[in-house]
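Structure record follows, encoded as structure tokens.
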Amino acid sequence: KSHYFKANNLTDRKTALNFVCRDPRLSLQVREEVLEDFYERWNSEALVLDLWFSVQAQSPLTSIEELKKLESHPMFDRKNPNRVRSVYAAFGMLNNRKFHAIDGSGYKFLGEAIMKLDALNPQVAARMTTPLTRMGRYDSARQQLMRKELNTLSESPALSKDLYEIVIKSLA
């Protein structure tokens, strides 16, 4: 916390923010205080705000409920591909602990997000599916959960051609 508030440049602040968001020894209060300060300082800079979203989405301390709060944040816009990647891609590709939770909640969260995205931007939705398609790298329980999420996606009557192609190839 001290390093964050003493920093005089974005690089040092972001490094401290990463640490604060990942260290379970720090209190939730410290985490929230640093996140709020970073947001207040940089919310007018789109790329830096994407970093703010991304750091939270990839943190193993961030719960699915907190990810849902990020989705409902006023600055989150599903129509903005960079913002979408900063949350969903960061979560699916960089938050292994929560994404691959044995209860399947991470897969379900990403699957639901993909369905919402598919109606707005099928290409981005198809791209966000990548973490679910890499099931061969994981144990059988996780493979079944990933396959279940892909099956759920495949059964959608409104599935775009882009997403359909990725999902069907993955299930074959």
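The values are calculated or read from the model by the stated rules, or taken from the named source; none is laboratory data. From a predicted model like this one, the values you see are computed outputs, not experimental measurements. Ideal geometry is used to build each Cβ from the backbone, glycine not excepted, and the neighbour counts take in all protein chains shown. The area values use the complete protein model at the heavy-atom level, side chains included, leaving out ligands, DNA and RNA. Shrake-Rupley method; radii C 1.70, N 1.55, O 1.52, S 1.80 Å.
Checking each residue in the stretch 1-43 for being of a type in the set (S, T, N, Q) and not in a helix (DSSP H, G or I) picks out Asn8, Asn9, Ser27, Asn43. Per the listing Leu28, Leu70, the residue uniquely hydrophobic (A, V, I, L, M, F, W, C) and under 30 Å from Ile166 (Cα atoms) is Leu70. Of everything in the stretch 86-106 that is closer than 18 Å to Gln143 by Cβ and of a type in the set (S, T, N, Q), the residue that is nearest to the chain's Cα centre (by Cα) is Asn96.
Scanning the stretch 90-108 for residues that are free of Cβ contacts under 8 Å to residues at least 40 places away in the same chain and more than 20 Å from Pro24 (Cβ to Cβ) yields a count of 1. Take the conditions (1) part of a helix (DSSP H, G or I); (2) free of Cβ contacts under 8 Å to residues at least 40 places away in the same chain; Pro74 misses just one of them, which is (1). On inspection, Leu67 passes the criterion of being under 16 Å from Ile114 (Cβ atoms), modelled with pLDDT of 95 or more and open to solvent by less than 50 Å² (accessible area, probe 1.4 Å). Do the conditions hold for Ser59, that is, is it under 12 Å from the mean Cα position of the chain (by Cα) and hydroxyl-bearing (Ser, Thr, Tyr)? The answer is yes for Ser59.
Filtering the stretch 13-41 to residues that are within 25 Å of Pro74 (Cβ to Cβ), of a type in the set (S, T, N, Q) and open to solvent by less than 60 Å² (accessible area, probe 1.4 Å) leaves only Asn18.
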